[in-house]
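Here is the structure we will look at, set down as structure tokens.
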Amino acid sequence: MKTLKNLISLAILTVCAGSAAFAQNTPEVKLDVPYVPTRPAVVEAMLKLAKVKSTDILYDLGCGDGRIVITAAKKYGVTGKGIDINPERIKEANQNAKQANVTGKVKFETANLFETDFSPATVITLYLLPSVNLRLRPMLLKQLKPGSRIVSHDFDMGDWKPEQTIEVDGATIYLWTVPAKK
């Protein structure tokens, strides 16, 4: 059943990716992942699973409208950064941060994830496709400090087994902790 649910999620994301690519006004921006907002209950569960606290620095990779970073700043006092390749999403995230009165706690940046330094982060959140998670995994393990937490909505990291997996509002959420460097 879980595999079927993941296949359905993947199919929906793939169809959305095709639609997003077709509707994109800026053809020079290649989207590896479509914009699919994370439901509020899932955002809350991701932050709770990561045991987010005010001393954390949270990076949301593929941040979309900024909802995870903004929620973490409002609810937990976290300093956060959202990264997305789509400038329209970043514009929307900045507007949402202003509306939520957290512009002093959060920053949003248009950037390619594969050309980004994640090393300041203590928590990483993801809602990306499996292939993107697998490409990011070596970067995350290399850049993040031991003890940093990675939380992914719906998609795992291949053979890197999560420490915890929970189901919330029809979504699977995975948690990993970056191990000590060898």
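The values are calculated or read from the model by the stated rules, or taken from the named source; none is laboratory data. Remember, predicted model here, so these are calculated numbers, not experimental data. Positions of Cβ are generated from backbone atoms using ideal geometry, with glycine treated the same way; all protein chains shown enter the neighbour counts.
Points worth noting:
- Residue satisfying all of: in region 113-133; in a loop (DSSP other than H, G, I, E, B) and under 15 Å from residue 176 (Cα atoms); nearest to the chain's Cα centre (by Cα) among these: 127
- Residue count for region 86-112, restricted to those that are within 14 Å of the chain's Cα centre (by Cα), crowded, with 17+ Cβ neighbours inside 10 Å and closer than 27 Å to residue 147 by Cα: 1
- Residue 68 surrounded by 15 or more Cβ atoms within 10 Å (Cβ to Cβ), in contact with a helix residue (DSSP H, G or I) (Cβ under 8 Å, 6 or more places away or on another chain), at pLDDT 95 or above and closer than 17 Å to residue 169 by Cα: yes
- Cβ-Cβ contacts under 6 Å between residues 6 or more apart (or on different chains), taken from a first residue in region 120-134 that is touching a residue at least 40 places away in the same chain (Cβ under 8 Å) to a second residue that is buried (at least 23 other Cβ atoms within 10 Å of the Cβ) and assigned to a helix (DSSP H, G or I), are listed as 125/46; 125/68.
- A search for C-beta distances below 6 Å between a residue of region 147-160 that is more than 22 Å from residue 35 (Cα to Cα) and any residue that is not hydrophobic (A, V, I, L, M, F, W, C), counting only pairs 6+ apart in sequence or on different chains, returns 148/122; 149/177.
- Residues in region 137-182 that are surrounded by 11 or more Cβ atoms within 10 Å (Cβ to Cβ) and in a helix (DSSP H, G or I): 137, 139, 140, 141, 142, 143.
- Within region 159-182, the set of residues being small (Gly, Ala, Ser) and either under 18 Å from residue 40 (Cα atoms) or at pLDDT 95 or above (or both) comprises 170, 171.
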